[in-house]
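Here is the structure we will look at.
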Amino acid sequence: QVQLVESGGGLVQPGGSLRLSCAASGRTFSAYAMGWFRQAPGKEREFVAARGWSGEIYYADSLKGRFTISRDNAKNTVYLQMNSLKPEDTAVYYCAASTRTDFGTLAARYSYWGQGTQVTVSS
């Protein structure tokens, strides 16, 4: 079992940056693949980025170059650096953890979820 708590969301102007954090507690953090997903109003939850325990990284194609996922196993924390933010990035961002080796980009492969943090990009 692992508990996840996101932070770092807020209101930012278009072109700005935010860094989201997800602190994990419970079982050994390094044993989990960690992912970020987001859900905008009226839309389905979509994959953003994921990073496995051995360093493999996945990004949503539309977000490559603007978003960066990283993890600090010593701090039991995963981060999502978001740059050049656009109004269409507005969503609730969720952190998720998976024990599967095929964790990938599908939400169904993640067993543990945080409560989400709101990101609003607006002038």
Please work out if SER84 is part of a loop (DSSP other than H, G, I, E, B), in contact with a Gly (Cβ under 7 Å, 6 or more places away or on another chain), closer than 18 Å to THR120 by Cα and hydroxyl-bearing (Ser, Thr, Tyr).
-> yes
Do the conditions hold for THR68, that is, is it open to solvent by 60 Å² or more (accessible area, probe 1.4 Å) and hydroxyl-bearing (Ser, Thr, Tyr)?
-> yes
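Residues are listed down the side, and each one gets a yes or a no for (1) at pLDDT below 95; (2) within 13 Å of SER98 (Cα to Cα):
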{"position": "ARG19", "(1), (2)": "no, no"}
{"position": "ARG27", "(1), (2)": "yes, yes"}
{"position": "MET34", "(1), (2)": "no, yes"}
{"position": "GLU44", "(1), (2)": "no, no"}
{"position": "GLY52", "(1), (2)": "yes, yes"}
{"position": "ARG71", "(1), (2)": "yes, no"}
{"position": "ASN76", "(1), (2)": "yes, no"}
Of the residues in region 66-88 that are among the charged types (D, E, K, R) and over 18 Å from CYS22 (Cα atoms), the one that is nearest to the chain's Cα centre (by Cα) is ARG66
The condition from (1) loosely packed, with under 15 Cβ neighbours inside 10 Å; (2) over 20 Å from GLY42 (Cα atoms) that SER98 misses is numbered (1)
Selected residue (criterion: most open to solvent (accessible area, probe 1.4 Å)) from residues of region 13-63 that are of a type in the set (A, V, I, L, M) and free of Cβ contacts under 8 Å to residues at least 60 places away in the same chain = ILE57
Starting from region 99-123, keep only residues that are closer than 19 Å to TYR79 by Cα and assigned to a helix (DSSP H, G or I), then list their pairs with residues that are open to solvent by 20 Å² or more (accessible area, probe 1.4 Å) and charged (D, E, K, R) whose Cβ atoms are within a distance under 8 Å, requiring at least 6 positions of separation or different chains.
-> ALA107/ARG45
Complete set of residues in region 1-52 that are in a strand (DSSP E or B) and closer than 16 Å to LYS64 by Cα | LEU18, ARG19, GLY35, TRP36, PHE37, ARG38, GLU46, PHE47, VAL48, ALA49, ALA50, ARG51
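The values are calculated or read from the model by the stated rules, or taken from the named source; none is laboratory data. It should be emphasised that the depicted structure is a prediction, and the values quoted were computed from it without experimental measurement. Using ideal geometry, Cβ is built from the backbone for each residue, glycine included, and neighbour counts are taken over all protein chains shown. Please note that ligands, DNA and RNA were not included when accessible areas were found on the heavy atoms of the full protein model with its side chains. Shrake-Rupley method; radii C 1.70, N 1.55, O 1.52, S 1.80 Å.
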